[in-house]
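K.L.:
One structure, as structure tokens, below. Some questions next.
Nothing in this text is a laboratory measurement; each read-out follows from the coordinates by a stated rule. Quantities reported herein were computed from a predicted structural model and do not represent experimental measurements. Every residue, glycine as well, gets a Cβ built from its backbone with ideal geometry; the counts of neighbours run over all protein chains shown.
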Amino acid sequence: MSLLKKLAGETAIYGLSSILGRLLNYVLLTPYLTRVFSTESYGIISDVYVYVALLMVIFTYRMETAFFRYASRSETKDNTFETAMVMLLGSTLILVSILTYFVPQLASLTSYQSNPEYLYIFIGVLALDTLVAIPFARLRLHNRPWRFAGLKMLNILINIGFLFFFLEVCPYLINKGFHSLTAIYKEEFRIGYVFLANLLASLIIFIPFLTAFKNLKTGFDKLLAGKMIRYAAPLVISAMAAIINQFIGTPMLKYLGPGTISQNLSDVGIFNAAAKIAVLMGLFAQAFNFAAEPFFFRNSQKDGFNEQMYGQVARAFTLVGSIVFLGILSFMDLIGLFIGPDFRGGLYILPFLLMASLFLGLFYSFSMWFKQKDMTYIVGRISFGGTIITISLNIVLIPRFGMIGPAIAAFACYFFMTAAAYIEGKKHFPMTFPIEKMLIYLGVAVLGYVAITLIPAFLPDEVIYRILVGGIIFSLYLLFLFILERKELLEWIKQTRN
């Protein structure tokens, strides 16, 4: 129980940086950006970030997970940090040079030939974020979640600060007569300032980690580097698949949607504004993964750790995830007010996106054994299968159904990956997951959403009635969970007090 409490605590702290940071992004930036930019302009912003997410996997090639694996072993722990740092430093220099040389061609390929500066900015972002990946991973391995969370939060706050400076302060001061600011502010570059703020924030966060590069010695181990690359290679496939599964709907909607590129970019903007709400579930899964990965590597050989703990963790994740799922959908009318009126037409895709993120978190839980047992090729194989499902369904669904196509594809993909990881895990490891209880959590939550959707049809068409129905059903769901799990809950409270 003490180990589970420790994992819960670390998940909460990592969630502080991820969830509070994204909440700041959601509460401050999403309402702001969806009001000052058109749906097409917001679609451009969303589209560019997809390419960044895909390239980030290539830049880091999952070296942080390989670092966890070998830094937790006594025979390799001393040289792991320097070996990983040297590898990322060298590969980053090579990749930055290649991308910079081909920017004109890449800009044309992505339909941004009139704004190649967007790509130059994000090459810088990719380089800076890659070089701090291992130092951040070391903070997680050394059980320093507060420093990790603090730096992540600072990055977001700096990003927001620069964004408002460029888009609000500069135009205001120029109108007041401070014309010297026209040297750094151009009205036609407004979208670009969203990206430039990101670059400046990444640069400032990079500065505290400079000592990690100054203190590099001659600890590079060629043999260890080869082992780490072989270990991480299947995870790169898995990570690329995860990014494709999560984000590929954006560029595919841009090119395969039923309208022109401009009209499709408008749909991309609406889709991603709605997806920002679903990110709340994704952040819970991400915070869990941030804490669980180093946690299981550190504690798997300690006394008090057993195979049953994997099932307990998955059960707790499903319970909390089902609450998040139904909670968001119960008050969707209120949550939807945070995005601009022009973007609210995409809220109907939320159930698919929320459930997709929940199953992604379960996939993390079910696949943890493969990483610990050096069987990462299984994770890569399952993820590749999910990618085939994602791409195939997007090709079929987007031309016919528009923006709901990527949402359905994401759900189908993560459901498949979770089921495959569970089935493969049962073949290789003595894992015991309380699947019946987990299905009850999810099934009742889905029934609650169906009730929220159907009951208001018999009431006057007013928001207050929908909110009231949602609140009642969500409260009943919480009561149901308390009755179902009251014994375990009371035991957990007792253990916490002790």
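K.L.:
Hey, any idea what Rg/Rh is for region 46-191, computing Rh the Kirkwood way over Cα pairs? Don't skip to the answer; put the middle values down first.
P.N.:
Numbers: Rg = 19.2 Å, Rh = 17.9 Å.
On the Cα set of region 46-191, Rg over Rh gives 1.07.
K.L.:
How far apart, in nm, are two points set 7 Å out from the Cα along the Cα-to-Cβ line at V463 and at L54?
P.N.:
Modelled inter-label distance: 3.8 nm.
K.L.:
Further question: Order the peptides 403-413, 105-115, 379-389 from the highest to the lowest mean number of other Cβ atoms within 10 Å of their residues.
P.N.:
Values: 403-413: 24.6, 105-115: 14.5, 379-389: 20.5.
So the order, starting with the most tightly packed, is 403-413, 379-389, 105-115.
K.L.:
I would also like to ask the following. How many percent of all Cα-Cα pairs in region 378-434 sit more than 12 Å apart?
P.N.:
I get 66 percent for the Cα pairs in region 378-434 exceeding 12 Å.
K.L.:
Would you please put 246-252, 338-344 in order of how densely packed they are, using the mean number of other Cβ atoms within 10 angstrom per residue and starting with the highest?
P.N.:
Numbers: 246-252: 23.7, 338-344: 18.7.
Per-residue mean Cβ counts within 10 Å order the peptides as 246-252, 338-344.
K.L.:
For a protection proxy built on the mean count of beta-carbon atoms within 10 angstrom, sort 55-68, 89-102 highest first, please. Before the final figure, lay out the partial values.
P.N.:
Values: 55-68: 21.6, 89-102: 13.4.
Top of the packing list down: 55-68, 89-102.
K.L.:
7 Å from Cα along Cα→Cβ at both V169 and Y348: what's the point-to-point distance in nm?
P.N.:
Reported label-point gap for V169 and Y348 is 4.3 nm.
K.L.:
Under a no-solvent Debye model with one identical scatterer per Cα of region 93-174, what's log10 I(q)/I(0) at q = 0.12, 0.25 Å⁻¹?
P.N.:
-0.57, -1.07
K.L.:
Can you put K254, K176 in order of Cβ neighbours within 10 angstrom, beginning with the fewest?
P.N.:
Values: K254 22, K176 9.
Ordered from fewest to most neighbouring Cβ atoms within 10 Å, K254, K176 come out as K176, K254.
K.L.:
What list do you get for Y172, Y414 if you sort them by fewest beta carbons within 10 Å? Intermediate values should be presented prior to the final figure.
P.N.:
Working: Y172 11, Y414 26.
With the fewest neighbours first, Y172, Y414 line up as Y172, Y414.
K.L.:
Give me the distance between the Cα centres of region 380-408 and region 175-201, rounded to whole Å.
P.N.:
Using only Cα atoms to place each centre, the spacing works out to 38 Å.
K.L.:
To continue, here is another question. Could you give the nm distance between label points at K426 and S475, where each point is 7 Å from its Cα heading toward the beta carbon?
P.N.:
4.0
K.L.:
Within a 10 angstrom radius of the beta carbon, how do E187, E168 rank from fewest other beta carbons to most? Show your work: numbers first, answer last.
P.N.:
Values: E187 9, E168 12.
Ascending Cβ contact count within 10 Å gives the list E187, E168.
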